[in-house]
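Below is one structure, written out as structure tokens; comments come after it.
The values are calculated or read from the model by the stated rules, or taken from the named source; none is laboratory data. Please read all numbers here as calculations on a predicted model, not as lab measurements. Here Cβ is always computed from backbone atoms with ideal geometry, including for glycine, and neighbour counts include all displayed protein chains.
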Amino acid sequence: MSKRVGTWLYQNGGGDVIEKRITAKLEEREIRVLNGLNLRNAFAKKGRIVCNGHIMEELDLFFSYNAGQQTQYQMYLYEAISRVIPTINNYQAFALTEDKFKTNHILRQNGIVTPDYKLYHRDDVTELKKILNLWGGKMVYKPTDGWGGVGLVKIENEQALEMIIPFLNQTDIRYFYVERLIDYDNSDWRIDIVNGKFIASYGRKAGNGDWRTNISSGGSIIFREPNDEVVNLALKATQVTGLEIAGVDIIYDREKEEYVVLEVNGIPAFATPEQEKMGLNFNDKKIDAIVELISEKV
Ligand SMILES: Nc1ncnc2c1ncn2[C@@H]1O[C@H](COP(=O)(O)OP(=O)(O)O)[C@@H](O)[C@H]1O
Ligand SMILES: [Mg+2]
């Protein structure tokens with residue numbers, strides 16, 4: 001019997017076209033593809049998770065690639081499915097990289113340079129003042145599960161800290177996660193890795209007046225030649241997190257004169273049609289590597 005793979009890919013920004021291309025290439029290899037398996041529509045009973053009429057546990061693999069729409073319910077089912085069939089990314093690594101603290105923590109344990117960080121219980125808010133001084137008066141508050149630069153707060157003096165504390169106290173967060181503010185030129189590298197191999201290198205620069213490089217915060221794409229240092233750093237960070245597909249964000253610390261891994265993304269976007277027109281042309285290579293990866297795993 002031929003192998004069957006279920007997928008759920010983002011459809012905006014050219015994702016629909018990527019989905020078609022991946023599907024065609026898998027079918028060339030006699031792998032049947034069921035697209036659109038949005039776990040939002042799934043339910044579980046009698047030892048099975050059913051999505052759009054298909055039993056998830058009977059698939060040979062589930063490929064989940066939809067960053068914007070992942071809800072707690074979907075993550076919950078993703079985990080349950082991953083206990084029975086292979087998923088890409090594997091759930092464990094994906095869940096890890098959804099959390100900024102846990103990711104930074106494990107990268108550090110493995111000797112990878114990341115921003116200095118601290119995690120505190122919410123009651124230890126006075127500690128934030130000490131650490132602000134220790135870090136030269138500058139830090140970044142980050143929600144551990146955020147994306148797109150949303151919710152990040154740059155704290156550059158004690159007054160700014162005094163202002164944010166009452167706000168934080170009103171929320172129901174259990175802890176504070178803060179990082180040292182890295183002195184960089186407001187641009188970054190995004191290194192794409194699939195199946196332990198380098199796929200692409202590009203970058204982003206922050207929009208006018210912003211310090212965050214996220215496109216959704218006004219940043220824009222820049223072309224960036226890879227160098228051995230950033231590529232090896234990205235390969236190592238990917239390996240430590242255990243992701244099969246990763247986009248590693250790296251910035252250059254001007255003060256310490258070293259590269260720093262900021263983030264490891266489990267669903268790095270393909271180039272959009274507009275970006276492809278600009279000359280960002282890694283989609284073919286990435287599609288081929290993903291098709292190869294899926295073929296290996298089923
Ligand atoms: N410690 C830091 N020092 C300096 N800039 C940072 C730091 N952390 C994040 N940034 C900036 O903010 C952006 C968003 O932060 P990031 O941790 O990647 O969260 P998100 O998941 O929202 O993208 C980064 O791309 C970078 O431009
Ligand atoms: Mg980021």
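A few remarks follow.
- Hits in the stretch 142-167 (condition: among the aromatic types (F, W, Y) and more than 10 Å from ligand 1 (Cβ to nearest atom)): F167
- Any hit, the stretch 110-129, residues being loosely packed, with under 14 Cβ neighbours inside 10 Å and under 22 Å from E244 (Cα atoms): yes
- Residues that are out of contact with any strand residue (DSSP E or B) (no Cβ under 8 Å at 6 or more places or on another chain) and either farther than 20 Å from Y10 by Cα or free of Cβ contacts under 8 Å to residues at least 12 places away in the same chain (or both), drawn from the stretch 29-69: R29, K45, K46, G47, G53
- Test result for K205, more than 22 Å from A93 (Cα to Cα), in the same structural domain as L280 (by TED's automatic domain parsing), over 19 Å from the mean Cα position of the chain (by Cα) and of a type in the set (K, R): no
- The residues on offer are I290, I267, and the sole one that is in contact with a strand residue (DSSP E or B) (Cβ under 7 Å, 6 or more places away or on another chain) and either within 16 Å of ligand 1 (Cβ to nearest atom) or not in a helix (DSSP H, G or I) (or both) is I267.
- With respect to being at pLDDT below 95 and either on the phi < 0 side of the Ramachandran plot or out of contact with any strand residue (DSSP E or B) (no Cβ under 7 Å at 6 or more places or on another chain) (or both), L132 fits the description.
- The number of residues in the stretch 113-137 being away from ligand 2 (no atom under 16 Å from the Cβ), in a loop (DSSP other than H, G, I, E, B) and either of a type in the set (S, T, Y) or within 25 Å of the chain's Cα centre (by Cα) (or both) comes to 3.
- Top-ranked residue in the stretch 207-251 [being more than 19 Å from G146 (Cα to Cα) and among the acidic types (D, E); ranked as surrounded by the fewest Cβ atoms within 10 Å (Cβ to Cβ)]: D228
- Test: residue in the stretch 46-58 that is modelled with pLDDT of 95 or more and within 21 Å of F270 (Cβ to Cβ): no
Okay, residues lined up against (1) basic (K, R); (2) in contact with a Gly (Cβ under 7 Å, 6 or more places away or on another chain); (3) buried (at least 16 other Cβ atoms within 10 Å of the Cβ):
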residue	(1), (2), (3)
R29	yes, no, no
R40	yes, no, no
M56	no, yes, yes
L59	no, yes, yes
Y73	no, no, no
R83	yes, no, no
I88	no, no, yes
